[in-house]
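Working notes, beginning with the structure itself.
The values are calculated or read from the model by the stated rules, or taken from the named source; none is laboratory data. As the structure is a prediction and not an experimental result, all values here were calculated from the model. All Cβ positions, even for glycine, are placed from backbone atoms using ideal geometry, and neighbour counts span all protein chains on display.
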Amino acid sequence: MKKDFIKLSIFRLITYLIFPIFLSVTSAEIVLRVLGYKPWQIENVDVAVEPKGNFFTKDSELGYKHLPGKFKVTLNGNYSFNATHLNNSLRITHPLNTYNQSSKKPEIWIFGCSFTYGWSLNDSETYPWLLQEKLPKYEIVNFGVNGYGTLHSLIQFKEALKQGNQPKIAVIAYARFHNPRNTLLRSTRKHVVPWNKLGIVFHPDARLNGENNFTYSMAKIEYHEFPLMRVSALSHFSEVIYNKFEQKLYRSHEVSKAIIEEFNRVAEAKGVKLVVVGISSNSTKMLQELSQEGIATADISVDLKIPANNNWPHDVHPSAVANRQYAEKLEGFLQDTVLR
């Protein structure tokens, strides 16, 4: 009698609880796959760097920065570009041999990510180089680094000021995808971890401390995937939804805004004019909010869905064509509003 009761209880558990859950999960998996969602595939970072193998080195303040030197970078085995970094790790904006000449020209510092660095482009194709050609009376300094966010830019700015240098103008090239970088969310870790083999290991991580203040610490870049993400579209879809929720939970947009406001306070104290330019088409909200606070802003973005504006299929970054547009828009804005 007791065994029969146990068997009946197990049967009811399977019938009324386990089977419906299994059916629901299976149905959701099928629907998501029909809609085009897939299990997670680890990004294959096919990058070869000559001569050193690595491209970055550890930095106590920034987490990582470029290695000095001349490099040939090959993507996917069939597309190469040349990049030159000065001894201070920054990418050149004019021929290397001209850096031996002492310059007293006023400087324009440009801060940003791989878009500003010019990933997948030769030195002379990047928009800071092209801007240097358009503004020969100024010294353009390219602080752009792959994977950097706005927090990196602020740290770079403060560290450069400590060295006794001071620009006439500081330009932050902002994109909305910098927001999760500034708070080092799962979505950022997920993307960056495959690139650790080039020397990226640590990254600054900011959190709001009050409404308009923030604090940050250095964190190791690690990523812990959801269970079954590599075999289940449902698990991967759930992780993507969670990552979007996490960005709102940690108020990444507000963190980025607080960082830029701090940047502006430091710049004003030093007599430096701050300019924030949107380098991606989804930067409008931030630009509008900063403009209302009296910070000079401009949209210099280009449509990267146009094939000529990106380096696909070799790479998704802006092409030389796009960088010429960035340079033209930025020069026009600076000439009309800051340099006149």
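Every residue, every condition in (1) part of a loop (DSSP other than H, G, I, E, B); (2) in contact with a helix residue (DSSP H, G or I) (Cβ under 6 Å, 6 or more places away or on another chain); (3) in contact (Cβ under 8 Å) with a residue 12 or more places away in the chain, yes or no:
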| residue | (1), (2), (3) |
| --- | --- |
| 94 | yes, yes, yes |
| 108 | no, no, yes |
| 120 | yes, no, yes |
| 124 | no, no, no |
(request) Give the residue, chosen from 189, 230, that is without any contact (Cβ under 8 Å) to a residue 40 or more places away in the chain, over 30 Å from residue 294 (Cα atoms) and not polar (S, T, N, Q). (result) 189
(message) Let me spell it out: the conditions are (1) within 24 Å of residue 287 (Cβ to Cβ); (2) under 15 Å from the mean Cα position of the chain (by Cα); (3) not in a strand (DSSP E or B), and residue 212 meets all of them except one. Which number is the exception?
(response) (2)
(message) Can you pull out every residue in the stretch 96-148 that is aliphatic (A, V, I, L, M) and surrounded by 21 or more Cβ atoms within 10 Å (Cβ to Cβ)?
(response) 108, 110, 121, 130, 131, 140, 141, 145
(request) Just name the residue that is surrounded by the most Cβ atoms within 10 Å (Cβ to Cβ) out of those in the stretch 44-70 that are more than 29 Å from residue 154 (Cα to Cα) and among the acidic types (Asp, Glu). (result) 50
(request) Confirm whether residue 234 is part of a helix (DSSP H, G or I), crowded, with 18+ Cβ neighbours inside 10 Å, in contact with a helix residue (DSSP H, G or I) (Cβ under 9 Å, 6 or more places away or on another chain) and modelled with pLDDT under 95. (result) yes
(request) Would you mind telling me which numbered condition in (1) without any contact (Cβ under 8 Å) to a residue 24 or more places away in the chain; (2) assigned to a loop (DSSP other than H, G, I, E, B); (3) outside the structural domain of residue 132 (by TED's automatic domain parsing) residue 102 fails? (result) (3)
(request) Restricting attention to the stretch 142-199, report how many residues are in a strand (DSSP E or B) and more than 10 Å from the chain's Cα centre (by Cα). (result) 6
(request) Could you look through the stretch 215-227, keep only residues that are in a strand (DSSP E or B) and in contact (Cβ under 8 Å) with a residue 24 or more places away in the chain, and pick out the one that is surrounded by the most Cβ atoms within 10 Å (Cβ to Cβ)? (result) 216
(message) Going residue by residue through the stretch 306-319, is there one that turns out to be assigned to a strand (DSSP E or B) and among the acidic types (Asp, Glu)?
(response) no
